[in-house]
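In what follows, a structure is listed as structure tokens, so that the remarks can point back to it.
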Amino acid sequence: MSYLDNVRVFVRVVELGTLSAAGRDQRVTPAVASNRIKELERHLGVRLFNRTTRKLSPTEHGRVFYDGAVKIIEAVNEAEGAIADLSRNPKGSLRITAPLGIGRRLIASGIPEFHDKYPDIEVRVRLSDHNVDILAEGVDVAFKLGVLEDSNLRMRGILNCERVLCASPDYLAGRGVPANADALIADKHDCLLLRYPGSKEYFWTLVTADGPRKFEVAGPYDSDDGDVLTQWALEGRGIINKPLFEVKAHLREGRLVEILKDSPPAPVQLAAIYPHKRFQDPKVRLMIDFMAERCQRLIGKLLQDEPAAAASSG
């Protein structure tokens, strides 16, 4: 077995906590991952992990070796990237993440086209509305709607996205149209929130005549999947706060109705987030450039007044 492959598996076991998770990440079976760790331990002459029934935790030797192992892998990746840049033939793997909604509509649907252009780049996509720890999980690029909060990361803005509050005609007929932003709370409107561990959407920031204000809205249920919230709104279950491009077709066809146009939600930025150390990797630059152009083009189509072609066609 390749010594470097053994080191890669070791690093991912430390970061992910189990052989099975590290094996999936490196596309090997748990048995192969276990053998690579054992071979590495025989080579080093020390035990690298304390083993329990559920999780592996690094020993003191393991923690010391991990720090050096990460530097080894980063150095190899940078060297490969430099050669690929010189040869104009980028190779290697990319781990990318995105929220479920934009991930399905804009990012994942473009991966086959990206691979057609760069067939030697292997892309691993993870879609989740949860807050992904980019550094801990070894992510190369995260496409997200939001702001940069970690100074260890870099951000490239792609597009400022207008957001709207909307609900179905049936919901508004039954509960009434909120006269103003304060009515969302005073009249106890059912506001459908995106929530998950670490989520910060326990309020909505609306741009009022007095400036941006936070409203601690509430509802009878919430979800960690943004598309589920949209479906509930379509079924007349409450009010949602969404990027306009995600609900434009529903608004145009009357399935949803925009409310509180005088105090809309604050816009959100679609951006690519990546670790500082990935900046020089040509694969990362190629992915960000490709997806930035694609997202700008497809969101532009979705925002047109006329029906747009499906995102997956582009």
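The values are calculated or read from the model by the stated rules, or taken from the named source; none is laboratory data. Everything numeric in this text was worked out from a predicted model, so none of it was measured. Positions of Cβ are backbone-derived with ideal geometry, glycine not excepted, and every protein chain shown enters the neighbour counts. Each accessible area value is taken on the protein alone, full model and side chains, heavy atoms only, with ligands, DNA and RNA left out. Shrake-Rupley method; radii C 1.70, N 1.55, O 1.52, S 1.80 Å.
Among the residues of the stretch 247-277, what is the count of those that are of a type in the set (Ser, Thr, Tyr) and either loosely packed, with under 15 Cβ neighbours inside 10 Å or in a loop (DSSP other than H, G, I, E, B) (or both)?
1
Restricting to the stretch 201-241, name every residue that is in contact with a Gly (Cβ under 9 Å, 6 or more places away or on another chain) and of a type outside the set (Val, Ile, Thr).
If the condition is that a residue be in contact with a Gly (Cβ under 9 Å, 6 or more places away or on another chain) and of a type outside the set (Val, Ile, Thr), then Gly219, Pro220, Tyr221, Asp225, Gly226, Asp227, Leu229, Trp232, Gly236, Arg237, Gly238 are the ones that fit.
List the pairs whose first member sits in the stretch 14-28 and is open to solvent by less than 40 Å² (accessible area, probe 1.4 Å) and assigned to a helix (DSSP H, G or I), whose second member is among the hydroxyl-bearing types (Ser, Thr, Tyr) and modelled with pLDDT of 85 or more, and whose Cβ atoms are under 7 Å apart, counting only residues at least 6 apart or on separate chains?
Going by the 7 Å Cβ cut-off, the qualifying pairs are Val14/Tyr66; Gly23/Thr29.
Among the residues that make up the stretch 111-132, is at least one of them touching a residue at least 40 places away in the same chain (Cβ under 8 Å), open to solvent by 60 Å² or more (accessible area, probe 1.4 Å) and part of a loop (DSSP other than H, G, I, E, B)?
There is at least one residue in the stretch 111-132 that is touching a residue at least 40 places away in the same chain (Cβ under 8 Å), open to solvent by 60 Å² or more (accessible area, probe 1.4 Å) and part of a loop (DSSP other than H, G, I, E, B).
Could you tell me which of the residues Gln280, Gln304 is over 23 Å from the mean Cα position of the chain (by Cα), modelled with pLDDT under 90 and in a loop (DSSP other than H, G, I, E, B)? I'd like the intermediate steps shown before the answer.
Values: Gln280 fails: over 23 Å from the mean Cα position of the chain (by Cα).
Going through Gln280, Gln304 in turn, the sole match is Gln304.
Out of (1) out of contact with any Leu (no Cβ under 7 Å at 6 or more places or on another chain); (2) in the same structural domain as Arg294 (by the TED database), what's the single condition that is false for Asp140?
The number of the failed condition is (1).
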